[in-house]
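The values are calculated or read from the model by the stated rules, or taken from the named source; none is laboratory data. Quantities reported herein were computed from a predicted structural model and do not represent experimental measurements. So basically every Cβ, Gly included, is an ideal-geometry build from the backbone, and we count neighbours across all protein chains shown. Heavy atoms of the whole protein, side chains included, go into the accessibility calculation; ligands, DNA and RNA do not. Shrake-Rupley method; radii C 1.70, N 1.55, O 1.52, S 1.80 Å.
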Amino acid sequence: MSSTRKFIGILLTAVTMTFVAGLSLLLLLYVGHGEATRTYQQFQVEKLIAQGRIIQNSMDTFLRGGYPVRQFVGFTTMAAPIMASDDTIADMAVFDQRGQTVSAGGGESITLLPKATPMRGDDMDSTYLHEDSMYLQVVLPLRNRFEQVGSLAISMRKSVIAERIEASFRPLLYAAAGAAVGFGLLVSIGASAFRSKRRRWPQYAYALTFLAVSALVVATLISLYSGGAQIKTKALADSLGQRLTSIVQFGLNITEIRGLEEVLGDYQRLNPDISAAGLIVDRIVTIHTDKMAVGAPWKSTKGNYEYIVDLTRSGGRDIRIAVAMPADIVYRQVLRSVKNFAALFVASAFVAGVFLQLAGSVRRVRDDSDSDADPLAQKVNAEEADLKLVKPVFFIAVVAEHLTYAFLPQFMYGVAESAGLPDGGASALFMTYYLCFALILVPAGHFAQHFSPRPLMYIGLSLAALGLGLLALHPDFYLVLGARALSGVGQGMLFIGVQSYILATAAENRKTQGASIIVFGFQGGMISGMAIGSLLVTQMGPDGVFALAAGIAIFMAFYTLSIVPNVSSRALQDSKGGASLQVLFRDLSRAMRSFEFLRTMFLIGVPAKAVLTGVVIFALPVLMAQAQYAQEDIGQILMVYGGAVVLASGYASRSVDRTGRTDQALFLGSLISGVGLVLIGLTGWPPVANQAGNTGILTVLLVTGVAVLGIAHGFINAPVVTHVANSELAATNGESATTAAYRFLERLGHVAGPIIVGQLFIFGGQDPMVIAWIGGGVALLGVLFLIKPARTQVGYER
């Protein structure tokens with residue numbers, strides 16, 4: 001019987017760990033597939049533009065003579081060789097201003113597609129990318145001397161790109177499946193190591209598994225992007241060669257034609273990715289974008305993609321046109337993908353870590369039941385397993401909520417604008433979540449005390465899922481308001497449910513470990529959610545991410561109902577974790593009459609929470625989107641904040657425990673917080689923004705400011721609770737009651753933050769300098785906190 005149970009245990013561990021690793025690796029492949037599709041498609045689009053310019057240049061010359069577009073008779077002759085040489089082109093056609101077909105290239109007769117996106121770049125004026133479910137279509141303008149008189153459209157099937165990407169990623173899917181199964185078997189077979197002193201080896205194994213598959217994905221991306229860059233180089237060379245073909249075919253001496261230097265120079269200017277272009281006559285460079293290369297044979301440069309077009313006429317001189325493009329364009333794209341994979345690795349490592357700890361705890365309990373282990377050890381392991389069972393509930397719930405935070409403020413601004421409301425409407429939507437979260441805490445605590453915390457968890461998760469799901473339905477303003485209220489109530493119920501469960505199940509010597517579940521769940525969940533959500537939104541869209549987040553919350557509700565054990569109200573009362581409403585209101589009343597308590601709360605605690613919700617979560621995504629940051633960049637910059645909080649909190653907590661100087665830590669936190677906010681605000685200060693010359697310097701300034709702000713909050717979050725617990729009020733009223741009152745009242749900052757920042761945006765505009773002024777105010781509050789009154793008294797009667 002024991003061997004059968006052991007086998008079942010190993011099998012369950014293998015399946016669970018295979019699922020966890022497989023989910024992480026599948027997410028990696030999904031993100032990599034999206035990156036590959038987006039970048040490879042961009043190479044293909046730029047190829048189509050280069051091919052289209054062959055015809056566009058000829059037609060513009062004709063049209064500037066004052067002739068109508070319908071009189072251009074050479075379109076089919078020019079389009080035929082381009083389409084013959086590139087079977088990915090589905091159609092080429094000319095349209096008039098009304099969108100009617102003027103000339104067709106003999107392809108699939110595709111009309112102008114409706115969905116249009118303007119192409120960026122100095123050379124992309126009035127160039128649009130149209131698309132539908134089947135085709136990509138590049139549309140270039142055709143102009144006479146005064147206006148645009150028509151357009152040239154080059155179309156290709158999306159299936160061409162999809163088939164190329166899928167062929168490259170199919171082997172990766174098999175490799176990822178094999179890696180996940182191998183990881184699951186390794187952890188389950190070597191599960192005895194969970195009981196050894198080296199319990200972290202499964203984490204190392206997971207990291208190696210993830211990094212190995214990531215390396216395969218990166219190698220695939222390099223191969224894909226290299227192919228795309230070479231296709232683009234060929235198209236550019238063909239385009240340039242086409243402009244010179246007529247000169248060669250007429251037998252003219254090409255070296256005596258004036259203006260060819262300007263032609264090559266203009267071509268490089270219009271296609272900035274080109275590093276060099278040259279005309280080679282009898283193997284000697286006669287014209288080159290780099291004048292130092294003229295008069296010598298063409299030299300291939302290492303690290304360049306080169307393509308040479310042979311223009312030689314039968315019996316004539318050897319004439320070729322060469323175009324070179326640096327391989328750096330491939331590695332820049334790959335580096336961006338690696339950055340995204342690194343963020344995904346951090347996020348998935350948090351998720352995997354939670355389930356690896358859970359598997360280890362369950363395994364130890366099962367081993368204890370199959371052996372004659374010490375009863376005390378069995379009890380300790382059982383308590384630890386109970387805590388580990390609830391850890392994924394809170395962590396994954398926070399992940400689900402924060403999946404949306406990289407784009408949620410922009411979404412809410414759009415909803416408010418559609419309803420005809422001012423910008424303050426968006427901040428009201430944002431504030432609703434935090435207000436409802438705070439209002440439900442007391443009723444939820446009362447329910448947990450008299451009934452059980454588990455219903456609060458699965459009902460809260462269900463309400464949060466409903467709120468997130470409603471956002472995917474393109475709701476109006478009031479439906480969004482209700483959805484955010486539901487999410488706030490749900491997350492508040494979940495928070496109290498998890499907290500009450502921990503108080504009821506954790507022994508006295510494990511209360512701190514239980515509290516760490518809340519801390520880890522919030523910080524780790526925020527980091528993971530923002531990282532994953534910002535990567536997924538570019539491929540799934542906001543509606544897809546909302547639906548995914550709702551699905552995750554529903555799944556965790558079923559997990560809670562099925563896996564998390566029920567805890568009786570008696571157990572909660574015996575743990576002294578439940579407080580009646582009368583006791584809570586009494587403690588709040590006493591706290592509100594303590595000057596030192598109010599001073600700490602309103603000068604330190606509330607401002608810190610207001611900055612978190614008002615600046616970090618609400619304002620920064622809006623400002624970064626306004627500055628044209630990509631969605632994944634927004635999420636990853638916000639990740640920096642969470643990571644800095646985690647790193648600084650550990651140091652600050654140890655320092656405060658060693659010195660006991662909480663007031664110095666809180667002052668330092670407020671001062672550094674002001675510095676971080678000012679650094680963020682400087683990205684909008686004209687002398688800095690206008691003289692930076694590129695977004696790189698501004699991005700460094702922004703990331704530094706966000707990191708500094710995270711470090712500052714790390715010096716506040718834990719020390720402020722210790723400061724309150726060591727106050728005169730706590731000495732009289734009790735540490736637990738005082739800190740509970742503080743935790744409840746500091747949520748005023750959560751509610752006030754979006755409202756304050758929203759109003760400042762209305763009066764000062766959506767300008768980063770508003771954040772700088774907030775930083776000055778926060779630093780001033782820190783200075784006021786450092787100025788202590790002569791004597792602080794607890795202002796209530798016993």
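When you scan region 738-746, do you find a residue that is more than 30 Å from residue 655 (Cα to Cα), surrounded by 23 or more Cβ atoms within 10 Å (Cβ to Cβ) and small (Gly, Ala, Ser), even just one?
No, there is no match, as no residue in region 738-746 is more than 30 Å from residue 655 (Cα to Cα), surrounded by 23 or more Cβ atoms within 10 Å (Cβ to Cβ) and small (Gly, Ala, Ser).
Out of all the residues in region 673-729, which are among the small types (Gly, Ala, Ser), closer than 18 Å to residue 641 by Cβ, in contact with a Ser or Thr (Cβ under 9 Å, 6 or more places away or on another chain) and open to solvent by less than 20 Å² (accessible area, probe 1.4 Å)?
Listed by number, the residues that qualify are 676, 705, 712, 714.
Can you tell me which of 332, 317, 336, 269 is open to solvent by 40 Å² or more (accessible area, probe 1.4 Å) and over 28 Å from residue 42 (Cβ atoms)?
The unique qualifying residue is 317.
Going through 74, 52, 107, 65 one at a time, which residue ends up being touching a strand residue (DSSP E or B) at 6+ places or on another chain (Cβ under 6 Å) and surrounded by fewer than 18 Cβ atoms within 10 Å (Cβ to Cβ)?
Exactly one residue qualifies, and that residue is 107.
If I filter region 282-314 down to residues being more than 27 Å from residue 330 (Cα to Cα) and among the charged types (D, E, K, R), which single residue comes out as least open to solvent (accessible area, probe 1.4 Å)? Selected residue: 282.
Looking only at region 593-607, how many residues end up being among the hydrophobic types (A, V, I, L, M, F, W, C) and crowded, with 24+ Cβ neighbours inside 10 Å?
From region 593-607, those among the hydrophobic types (A, V, I, L, M, F, W, C) are 595, 597-598, 601-604, 606; that's our starting set.
After this cut, where a residue has to be crowded, with 24+ Cβ neighbours inside 10 Å as well, the list is 597, 604.
So the count comes out to 2.
Restricting region 387-397 to residues that are among the hydrophobic types (A, V, I, L, M, F, W, C) and surrounded by fewer than 24 Cβ atoms within 10 Å (Cβ to Cβ), the residue that is farthest from the chain's Cα centre (by Cα) is 387. The residues listed here are 240, 236, 279; of these, the one that is touching a helix residue (DSSP H, G or I) at 6+ places or on another chain (Cβ under 7 Å), modelled with pLDDT of 80 or more and crowded, with 21+ Cβ neighbours inside 10 Å is 279.
Whether a residue is open to solvent by less than 30 Å² (accessible area, probe 1.4 Å), in contact (Cβ under 8 Å) with a residue 40 or more places away in the chain and over 26 Å from residue 237 (Cα atoms) was assessed, and residue 154 does not pass this test. State whether the residues of region 89-99 include one that is part of a helix (DSSP H, G or I), closer than 25 Å to residue 267 by Cβ and hydrophobic (A, V, I, L, M, F, W, C). There is no residue in region 89-99 that is part of a helix (DSSP H, G or I), closer than 25 Å to residue 267 by Cβ and hydrophobic (A, V, I, L, M, F, W, C). Give all pairs with beta carbons closer than 9 Å in which a residue from region 724-744 that is closer than 21 Å to residue 660 by Cα and part of a helix (DSSP H, G or I) meets a residue that is among the polar types (S, T, N, Q) and open to solvent by 50 Å² or more (accessible area, probe 1.4 Å); count only pairs at least 6 apart in sequence or on separate chains. The qualifying pairs are 725/736; 728/793; 730/736; 735/726; 738/732. Counting only residues that are surrounded by 23 or more Cβ atoms within 10 Å (Cβ to Cβ) and closer than 28 Å to residue 562 by Cβ, region 464-488 holds 8 of them. Among the conditions (1) part of a loop (DSSP other than H, G, I, E, B); (2) in contact (Cβ under 8 Å) with a residue 24 or more places away in the chain; (3) of a type in the set (Val, Ile, Thr), the only one that residue 139 does not satisfy is (1). Any residue at all in region 757-773 that's at pLDDT below 90, crowded, with 23+ Cβ neighbours inside 10 Å and in contact with a strand residue (DSSP E or B) (Cβ under 6 Å, 6 or more places away or on another chain)? No; the residues of region 757-773 include none that is at pLDDT below 90, crowded, with 23+ Cβ neighbours inside 10 Å and in contact with a strand residue (DSSP E or B) (Cβ under 6 Å, 6 or more places away or on another chain).
Would region 68-90 turn up any residue that is closer than 13 Å to residue 142 by Cα and out of contact with any Ser or Thr (no Cβ under 9 Å at 6 or more places or on another chain)? Yes: one or more hits. Here residue 149 passes the criteria (1) free of Cβ contacts under 8 Å to residues at least 12 places away in the same chain; (2) in a strand (DSSP E or B); (3) among the aliphatic types (A, V, I, L, M) except the one numbered (1). Meeting the requirement of 3 or more residues that are under 25 Å from residue 532 (Cβ atoms), modelled with pLDDT of 90 or more and hydroxyl-bearing (Ser, Thr, Tyr), the helices (runs of 4 or more DSSP H) wholly within region 396-511 are 424-450.
Each residue in region 577-601 was checked for being out of contact with any helix residue (DSSP H, G or I) (no Cβ under 8 Å at 6 or more places or on another chain) and either at pLDDT 80 or above or at positive phi (or both), and 3 of them qualify.
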